[in-house]
Amino acid sequence: MVEKKEYPLGGVIPKGGTAHDYSTGGWRKLRPVVDLDKCTSCLICWVMCPDSAVVTEEGKMAGFDLEHCKGCGICAAECPDKVKAIKMVEEAE
Amino acid sequence: MAITATKGQTGLTGNSAVAYAMKQINPDVCAAYPITPSTQIVEDFSGYVADGEVTTELITVESEHSAMSACIGAAAAGARVMTATSSQGLALMWEMLYIASGMRLPIVLANVNRALSSPINIHCDHSDSMGARDSGWVQLYSETVQEAYDNVFMAVRIAEHKDVLLPAMVCLDGFITSHAIENISLIEDQEVRQFIGSYNAKASLLDTDKAPTFGAMTLPDTYIEFKRQQSEAMTRAKGAAIEVMKDFGKRFGREYGLFETYRLEDAEAAIVVLNSAAGTTKVAVDALRKEGKKVGLLRPRLFRPFPWQEIAGALKGCKAITVLDRADSMNAFGGPVFSEVRSALYDLDPRPRVMNRIYGLGGRDYKVKDAVEVFNEALKAAETGRVETLVKYITL
Amino acid sequence: MATLKDLSKQQELFSGGHRLCAGCGIPPIVRLVLRAANGPVVTTTATEYLEVGTTIYPYTAWRCPGYTRPSRTRPRP
Ligand code: SF4
Ligand code: SF4
């Protein structure tokens with residue numbers, strides 16, 4: 001139970017980006033797996049991800065933020081046909 | 001209207017006086033849409049803006065819903081914000097009134113009381129502000145032009161008080177007060193500035209470093225806590241109002257309280273009534289007192305929060321009380337002021353008889369003879385201990 | 001014109017951890033809009049699922065200040 005005095009005035013969330021601390025990884029049934037050897041770092045998957053869960057480093061595709069990835073498979077579908085570097089695998093496997 | 005003198009007496013209508021008070025306050029933002037009978041407030045104030053007499057950003061909008069929305073946006077950004085409206089205008093703001101109070105934004109609104117449609121009517125009654133009585137706004141009522149003018153400053157202080165941070169509404173009677181010219185004392189600009197001070201919002205929508213989110217979604221695990229927080233602020237608003245009114249009296253010599261009483265001390269029968277009708281009632285009190293009848297008046301000034309203990313304390317000596325309502329709750333059980341006053345008196349022992357008379361809807365005149373009739377009926381109830389008719393319409 | 005490579009080096013103003021459905025089409029649009037804005041951004045949006053799903057107290061996905069307004073404040077055609 002949160003103490004009463006901790007509630008900010010008027011329902012304002014005083015600081016931005018706090019949803020980052022909320023994990024949605026457990027929503028996932030399928031997990032994206034990237035083959036970085038095939039990947040051309042076109043970053044289309046990064047643009048299209050609804051959960052800001054494609055991680056980039058120095059302008060290059062670097063994997064997934066599995067705390068937040070919901071396993072929708074959009075990245076896999078959007079990866080260009082000629083590349084198809086992302087596979088969706090059963091989370092249970 | 002050009003007002004030059006700020007010392008001594010100046011003849012002003014209620015609307016001009018409110019607009020002049022707004023000019024002296026010089027709010028950061030005013031978003032408004034004119035509506036009868038409060039039109040002149042916005043009209044005068046836009047003149048002050050056009051003439052460069054204020055630095056206010058005046059936002060002319062397409063509806064009252066938009067007016068209150070713009071007020072909320074500006075207040076969330078940390079601005080001191082004011083607006084004015086009446087009747088249908090307030091009704092159209094309804095949804096946003098709750099958001100202003102829930103977001104704890106100390107917006108000040110002048111509401112010139114006017115009947116709600118239908119049937120359409122542009123004259124005074126209190127159905128507009130009474131309908132908004134549970135919207136979480138502090139409500140101050142004003143009998144005269146002077147009081148309306150003074151209330152505007154007090155409303156700013158109460159709304160922005162650190163223990164409160166709630167929006168506040170100043171109510172005055174449409175046409176009766178808004179359009180009547182009265183000689184009033186104006187406060188000097190500098191004294192106004194000293195009295196209201198500056199406003200520093202707790203959070204600002206323009207704070208890109210902290211990046212706060214306003215108007216967030218709350219689920220069943222937090223909503224009730226925010227409502228309790230708001231309710232506690234409203235409870236504290238009474239103390240803040242007392243403090244602000246005291247300071248006002250000290251600085252400017254005009255004493256105000258949570259309510260006004262008139263010859264109430266030894267009264268056996270009393271009328272409780274808001275706003276301008278109190279003036280008429282006082283004339284009736286004097287006339288009946290001359291005949292040796294013990295009658296008096298209580299006029300609530302602060303209606304939200306409702307100072308029920310104090311009102312019960314002031315009325316405890318009365319045997320019969322008639323509450324006059326210029327609005328009907330349409331609950332087949334009288335008007336809103338009646339319900340609350342009667343409830344406030346429930347714990348008194350002995351418990352006075354309490355009746356309700358609905359009067360003056362849609363601007364119907366309330367005359368001295370009406371007040372006398374009400375008093376005579378109340379005196380009879382005081383004597384017999386019996387109420388013949390609990391609720392009825394008068395001034396028909 | 002900025003390339004995706006350049007854009008990916010900017011701060012992400014829309015975080016993960018929001019409660020919109022898996023595969024929702026709105027976040028990619030919002031993320032692009034936020035990237036297109038140069039300089040400090042303040043958002044204001046009328047209530048619908050985007051706001052409801054991204055500002056569940058005390059979690060906000062927005063790294064810029066924002067105000068969720070009631071639906072009726074949305075411009076009407
Ligand atoms: S599966 Fe969906 S949520 Fe996960 S990284 Fe791919 S696009 Fe993003
Ligand atoms: S869309 Fe495919 S090729 Fe492009 S960055 Fe993503 S994984 Fe690499």
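The values are calculated or read from the model by the stated rules, or taken from the named source; none is laboratory data. Keep in mind that this is a model prediction, so the values were computed, not measured. Note: ideal-geometry Cβ built from the backbone for every residue, glycine included; neighbour counts use all protein chains shown. Surface accessibility is based on the protein's heavy atoms, side chains included, excluding ligands, DNA and RNA. Shrake-Rupley method; radii C 1.70, N 1.55, O 1.52, S 1.80 Å.
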Under 29 Å Cα to Cα from A:K29, which lysines show up? Leave out anything in the same chain fewer than 8 places away. A:K38, A:K60, A:K70, A:K82, A:K84, A:K87
XL table B:K293/B:K392; B:K238/B:K367; B:K246/B:K392; B:K250/B:K369; Cα-Cα > 27 Å flagged, in table order, is B:K238/B:K367; B:K246/B:K392; B:K250/B:K369
Loop-resident GluC sites (Glu not before Pro) in the stretch C:1-59 with no more than 12 other Cβ atoms inside 10 Å, DSSP not H/G/I/E/B, are C:E48
Of all the Cα-Cα pairs you can form in chain C, what percent are over 16 Å apart? 53
Among all stretches of chain B without exposed GluC sites (Glu not before Pro) (DSSP loop, at most 16 other Cβ atoms within 10 Å), which one is longest? B:63-187
Counting only other chains, what is the mean number of Cβ atoms within 10 angstrom of the Cβ of each residue in peptide C:21-32? 5
Tell me the per residue accessible area of the protein assembly as shown using a 1.4 Å probe; a whole number in Å² is fine. 43
Centre separation in Å (Cα based) which lies between the stretch B:292-340 and the stretch B:23-66: 34
Using only alpha carbon pairs under 8 Å that are at least six residues apart, calculate the relative contact order of chain B and give it in whole percent. 15
Nearest 5 is fine: what % of DSSP beta bridges in the protein assembly as shown come out antiparallel, could you say? 35
Compute the whole-percent fraction of alpha carbon pairs in the stretch A:28-90 spaced more than 12 Å apart. 62
In a GNM of chain A with a 10 Å cut-off on Cα contacts, which of A:A77, A:A19, A:A62 has the highest mean-square fluctuation? A:A19
Diffusion coefficient in µm²/s returned for the protein assembly as shown by Stokes-Einstein, Kirkwood Rh over C-alpha pairs, 25 °C and 0.890 mPa s, is 93
Shielding by partners, peptide C:1-14 (average Cβ within 10 angstrom, other chains): 4
Of all trypsin sites (Lys or Arg not before Pro) in chain C, the ones in DSSP coil with at most 16 other Cβ atoms within 10 Å are C:K9
At a probe size of 1.4 Å, how large is the accessible area of A:D81, to the nearest 10 Å²? 130
Between the alpha carbon centres of the stretch B:240-277 and the stretch B:75-100 the gap in Å comes to 27
The stretch A:1-62 to the stretch B:129-152: how many Å between their Cα centroids? 48
For the stretch B:242-362, what is the largest minus smallest coordinate of the Cα atoms on each principal axis, given in angstrom and ordered from greatest to least? 44, 36, 36
Please report the orientation-averaged projected area of the stretch B:150-300, defined via the convex hull of its C-alpha atoms, in nm². 13.6
On protein heavy atoms with a 1.4 Å probe, the accessible surface that disappears when B meets C, both sides summed and given to 100 Å², is 1600
First compute the accessible area of the stretch B:259-393 with a 1.4 Å probe, then give the percent of it belonging to carbon and sulfur atoms. 49
Using helices alone, what [θ] at 222 nm do you get for the protein assembly as shown, with -39,500 (n - 2.57) per DSSP H run of 4 or more residues, divided over all residues and rounded to the nearest 500? -10500 deg cm²/dmol
Once the principal axes of the Cα atoms of the stretch B:9-252 are found, what is the range along each, listed largest first in whole angstroms? 53, 45, 35
Carbon/sulfur fraction of accessible area - the stretch B:114-205, other protein chains in place, 1.4 Å, %: 49
Ignoring the sites themselves, what is the longest stretch of chain B with no trypsin sites (Lys or Arg not before Pro) in a DSSP loop and at most 10 other beta-carbon atoms within 10 Å? B:163-385
What share of Cα pairs, in percent, lie more than 16 angstrom apart in the stretch B:314-358? 31
